[in-house]
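I have placed the structure first, in the form of structure tokens, so that the comments after it can refer back to it.
What follows draws every value from the coordinates through simple rules; no lab data is involved. Only a predicted model underlies this, so the values are computations on that prediction, with no experimental measurement involved. In this analysis, Cβ positions are derived from the backbone assuming ideal geometry, glycine residues included, and neighbour counts consider all displayed protein chains.
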């Protein structure tokens with residue numbers, strides 16, 4: 001009789017512990033899933049690479065593809081901007097690296113720059129890219145120490161792109177044909 | 001078993017509805033959160049679900065339950081509310097006169113359902129029929145009318161609404177997969193409501209003299 005009661009008592013305790021574990025596990029699972037959904041709504045990723053890249057960035061293990069970055073920089077320095085952007089996008093498929101996005105913006109600037117006029121479409125794309133880059137940089141401060149560049153900060157590049165998109169009296173200054181691409 | 005359903009299965013189903021219901025796939029994929037209006041409609045829907053007995057809140061929140069169990073109950077209620085909003089949002093057209101008409105229709109329908117005070121079985125049947133009909137109107141009729149081209153279905157539909165300016169009905173047509181995802185979201189929502197901890201009969205039944213009395217569950 002005593003052993004039966006003990007068994008029943010142990011069974012009740014086991015069931016209680018099992019239920020508590022299930023509830024705790026469920027709570028953790030649901031909170032994690034809800035956080036993931038909230039993140040998806042906030043970030044609006046468009047590709048699977050952006051989803052996986054974004055999640056790996058959240059846990060701090062996201063890395064750019066160094067080989068693709070080296071290829072992209074080689075194209076960039078040879079003024080092959082379209083090829084450079086393809087390689088930059090391969091290097092940072094999740095759009096999580098501020099430095100890569102800075103170079104993409106710079107490639108739009110250099111490709112769109114002209115002595116007589118600037119290409120507004122390319123400058124607008126560049127402005128989007130530099131906004132992305134500055135949003136990704138810690139505190140919005142983005143500095144790229146590349147001696148091959150004339151502009152090293154996000155603010156300089158953004159200012160140049162915005163100035164290129166603005167239509168004002170300086171656009172009619174004939175001296176602008178002597179200006180240099182940065 | 002009940003703890004697993006309450007803490008894991010049903011909240012995960014409702015969160016999946018929240019995720020899938022927001023997905024709009026056209027040239028780009030966008031996740032659209034529920035608007036404040038559908039969040040308010042969802043409050044009405046949750047009220048109707050509770051009123052019908054399809055959800056027994058006393059089985060989710062009670063002083064004799066542990067804090068963890070009550071927390072599970074709160075999470076389930078929150079996910080039910082969000083999923084209700086998203087299920088309604090996915091069925092309401094995106095723009096124009098149909099959007100306005102559906103928004104008003106759902107408001108009146110929910111008020112009417114609350115007034116009719118159906119039991120759980122009737123509410124589930126009513127939701128399945130209403131949501132199914134809204135799905136057909138939005139994804140078959142309106143998208144058929146708005147799709148480019150001049151196929152037989154479109155001609156037949158235009159003949160049916162002869163006299164109505166087609167421009168007032170035209171919607172932006174998403175990729176076909178959006179309709180399948182919406183159908184899955186609505187089906188999951190109904191499954192989630194079906195799985196909610198419930199009582200067989202609503203405890204409140206209005207007597208002939210207008211007063212409320214508690215009817216014992218069988």
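Report the calculated FRET efficiency for residue B:130 and residue A:14 (r = Cβ-Cβ distance, R0 = 45 Å), to the nearest 0.05.
Details: r = 45 Å, r/R0 = 1.00.
Once the sixth-power term is evaluated, E becomes 0.50.
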Practice prompt. Write down the radius of gyration of the range B:57-143 and its Dmax, each obtained from C-alpha positions, in Å.
Written response: 16.4, 51
Worksheet item: Across the residues of B:4-10, average count of Cβ atoms on other protein chains within 10 Å?
Response: 5
Worksheet item: How many times 2.2 N^0.38 Å is the alpha carbon radius of gyration of the range A:35-182?
Response: 1.12
Worksheet item: Stokes-Einstein D for the range B:1-111 at 10 °C, 1.306 mPa s, Kirkwood Rh over Cα pairs, in µm²/s?
Response: 105 µm²/s
Discussion item. Give the separation of the Cα centroids, the range A:11-51 to the range A:78-121, in Å.
Written reply: 39 Å
Discussion item. Quick check: residue separation of residue B:140 and residue B:172 times 0.36 nm, minus the Cα distance between them. What number comes out in nm?
Written reply: 10.2 nm
Worksheet entry | Cα convex hull volume per residue for the protein assembly as shown (Å³) | 251 Å³
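How crowded by other chains is A:30-42, given as the mean number of beta carbons from other chains within 10 Å of each beta carbon?
On the way: counts 12, 2, 0, 8, 10, 0, 2, 7, 2, 0, 4, 7, 2.
Mean number of neighbouring Cβ atoms from other chains: 4.
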Response to the item:
The distance between the Cα centres of the range B:22-72 and the range B:79-132, in whole Å, is 13 Å
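With Rg and the Kirkwood Rh both taken from Cα atoms, where does Rg over Rh land for the range B:2-202?
Numbers: Rg = 18.3 Å, Rh = 17.9 Å.
Dividing the radius of gyration by the Kirkwood radius yields 1.02.
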Fill in: Virtual spin-label span in nm between residue A:31 and residue A:57, 7 Å along Cα→Cβ
2.5 nm
Worksheet item: Which of A:17, A:175 comes first, and how do the rest follow, when ranked by fewest Cβ neighbours within 10 Å?
Response: A:175, A:17
Practice prompt. List A:107, B:35 from most exposed to least, where exposure is judged by having the fewest other Cβ atoms within 10 Å.
Written response: B:35, A:107
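For residue B:108 and residue A:156, FRET efficiency with R0 = 60 Å and r from the beta-carbon atoms, rounded to 0.05?
Working: r = 58 Å, r/R0 = 0.97.
The calculated FRET efficiency here is 0.55.
How much length is gained on full extension from residue A:119 to residue A:171, taking 0.36 nm per residue of separation minus their Cα-Cα distance? Don't skip to the end; give the middle numbers.
Working: separation 52, 0.36 × 52 = 18.72 nm, distance 1.30 nm.
Gain on extension, residue A:119 to residue A:171, equals 17.4 nm.
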Worksheet item: Can you work out the FRET efficiency for the pair residue A:47 and residue B:121, with r the C-beta to C-beta distance and R0 = 35 Å, to the nearest 0.05?
Response: 0.20
Discussion item. Just want the ordering: B:28, B:16, from fewest to most Cβ atoms lying within 10 Å of their own Cβ.
Written reply: B:28, B:16
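Could you work out the mean count of beta carbons from other protein chains within 10 Å of each residue's beta carbon in B:105-114? Don't jump to the answer; show the numbers that get you there.
Values: counts 0, 0, 0, 0, 0, 0, 0, 0, 0, 0.
So the per-residue partner count for this stretch is 0.
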